[in-house]
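Every number here is computed from the coordinates shown, using simple stated rules; none is lab data. It should be emphasised that the depicted structure is a prediction, and the values quoted were computed from it without experimental measurement.
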Amino acid sequence: MSRIDRYIAQVMRNIFASPDDKKNFASDLQAHIDEAMSNGDTEATVLRRMGEPEDIATEFMSDVKLQYANYFERLVAFIIDLSVCFSVTVPLFFIILFSPSIFSQPSSIGDLLYYLTYSAVHVEKISLSVGHAVVLGAFIISTMGLYILYFPLLEYRFGKTLGKHLMRLRVVREWGAEPGLGYTFIRRFSYFFDIIALDSIFIFFTEKRQRAFDIVAKTVVVRETFYERSVLSILAIFGLLALLGILVIIPLIFVIGKDCC
């Protein structure tokens with residue numbers, strides 16, 4: 001990749017716009033650079049005259065009106081993301097915790113669900129071998145890693161999680177640039193320290209609908225209005241929400257019913 005290509009790519013990383021608009025703007029930049037170089041200017045001279053890529057992007061974004069996501073859209077996206085994480089961790093927890101060498105095999109799925117929740121409360125009644133304790137400990141650590149890294153890494157790499165993708169949302173800096181890795185971690189501090197409910201209240205009282213740690217990180221969640229939501233994505237939303245209900249609500253029903261009887 002040439003120096004000019006890297007320059008244009010850096011400008012594009014700091015722009016939030018439709019693919020067509022970004023393509024047209026990149027073509028305009030390339031044409032402007034080519035014209036200047038055809039007049040005898042060197043590559044370095046042209047790029048120096050144009051200024052920093054961030055400045056070019058900021059000028060472009062000054063004419064773009066961002067549409068900020070509301071609380072409900074962000075909440076649905078967050079619930080979808082939790083259902084994705086649960087769909088990975090809960091089945092693994094079933095397999096590890098209820099392997100025959102730890103417990104006698106349950107006689108029914110109802111017993112399995114009951115013991116899963118019951119054992120989480122009555123830990124002292126679980127008898128683990130050293131090997132299984134190590135496996136279970138590794139599972140707990142990896143699960144914590146998943147819940148900690150899922151949001152910031154995906155928001156850094158793609159600008160959005162699966163839930164945000166289905167809801168047509170994206171995380172950007174306040175002026176439209178892609179968020180850096182440090183900023184995606186900062187905006188998630190409330191999630192890490194279990195104060196996200198308090199943090200989210202700020203959405204109702206800030207002009208750009210930011211959480212408190214969004215303000216600190218200077219990030220916003222915006223709507224990708226240039227993408228149409230397909231029928232498949234709508235079905236995926238309902239499917240993941242239903243999955244969350246299966247993985248969380250049904251085990252509680254079994255436990256409550258078992259205790260009542």
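Quick notes on this structure:
- C-alpha center-to-center spacing [segment 46-85, segment 152-173] in angstrom: 10
- Hydrodynamic analysis of segment 143-232 uses the Kirkwood radius over alpha carbon pairs. Inserted into Stokes-Einstein at 4 °C and 1.567 mPa s, it gives a translational diffusion coefficient of 96 µm²/s.
- Shape of segment 3-61, Cα gyration tensor, a/c cut at 1.5: prolate
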